[in-house]
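Coordinate-derived values only; no laboratory data. Note that the structure is a prediction, hence the values are computed from the model and not measured. Heads up, the Cβs are rebuilt from the backbone with ideal geometry, glycines too, and the neighbour counts pull from every protein chain shown.
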């Protein structure tokens, strides 16, 4: 089998067999890997001056992969996080190639040895309760579209759902009657979790269902666009930006920061933390795989740390510098 046929066959079997059948990957994962590898094929095609259909595995060597990753940052303006996510997709492809095409093992090994790039961990951006409520209330409920927009913003703010989880909710996932209203969210890696619903969100959801003529037993998307199709991530981002632009006259600082749908998730986490909810409960609420991910919210709240400092009675004047007595330690200390 020549290299050109091998690449086409490996790409097809990677998506149809490895991801779909063997790993049972979610549609979101498949879409993410598809986008990353599509960009890689286009880049390699330009670099090798070949049509995409004539590329061989040899055209996707280590140097090409590294050049592609640099291009993502320098030309496309992608973040290091996005660069590493693209690299994860490439690694998965080359694990598949190494297992199915022995002649390409050497190329695969060199590609798999490419390390992820370390990135600075940015300060968690979140909104205060006042800013969050102002952002939601700025939406005028004078049309079906505006009422949908307000419910979506309220849903993101009260549940802490990822935007993909919120847009994936169906009417049948809601439990609005009874003493314990809740919603079923489908997170990363097909993990499901149930989160409680606040009273104001329950009332808003009931009005939305009545307006759309839906019952809670229907397998129909909760948030749809003007064509009646499931709302996209781009559409949700546009709704958030539209609300931000309407409230910046009152909160000018919102215009300076990047308020995305994910900021609503951060904001709920901070509200829960500041209200005394423990990290394990917040971890379960947000669907974090590790509590270390949730712990960053504790490090982001400077006011909580400042109160802890005051409670402990610690002042800068009481701190004394460590002075080693041992000669070896003294030497190291002086370096």
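For each of 294, 175, count neighbouring Cβ atoms within 10 Å of the residue's Cβ, then give the residues from fewest to most.
Working: 294 22, 175 16.
Lowest count first: 175, 294.
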request  = Just report the Cα centroid separation between segment 196-274 and segment 18-83, whole Å.
outcome  = 32
request  = Run the quick spin-label model on residue 88 and residue 21: label points 7 Å from Cα toward the beta carbon, then report their separation in nm to one decimal.
outcome  = 2.5
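How long are the semi-axes of the equivalent ellipsoid of segment 112-180, defined as square roots of 5 times the Cα gyration tensor eigenvalues? Whole Å, largest first. Intermediate results must be reported in sequence, preceding the final value.
Numbers: eigenvalues 201, 75, 35 Å².
For segment 112-180, the ellipsoid semi-axes come out as 32, 19, 13 Å.
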message = From the gyration tensor of the Cα coordinates in segment 93-208, what semi-axes in whole Å does the equivalent ellipsoid have, largest first, with each one equal to sqrt(5λ)?
response = 42, 20, 13
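Taking a quarter of the surface of the convex hull around the Cα atoms of segment 129-278, what do you get in nm²?
Details: hull surface 37.8 nm².
That works out to 9.5 nm², a quarter of the Cα hull's surface.
Suppose the chain between residue 281 and residue 206 were pulled fully straight at 0.36 nm per residue; how much longer would it get relative to their current alpha carbon spacing? The partial results should precede the final answer.
Working: separation 75, 0.36 × 75 = 27.00 nm, distance 2.71 nm.
This chain segment gains 24.3 nm when fully extended.
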ask   = Of all the C-alpha pairs in segment 19-142, what % are more than 17 Å from each other?
value = 66
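Full-extension gain between residue 217 and residue 246, please, as 0.36 nm times their residue separation minus the C-alpha to C-alpha distance.
Values: separation 29, 0.36 × 29 = 10.44 nm, distance 3.57 nm.
Residue separation times 0.36 nm, minus the Cα-Cα distance, leaves 6.9 nm.
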key: Efficiency of FRET between residue 38 and residue 230 - r from beta-carbon atoms, R0 22 angstrom, step 0.05   = 0.50
query = Which of 15, 155 comes first, and how do the rest follow, when ranked by fewest Cβ neighbours within 10 Å?
reply = 15, 155
message = What distance in nm separates the two pseudo spin-label positions at residue 8 and residue 119, each 7 Å out from Cα along the beta-carbon direction?
response = 3.6
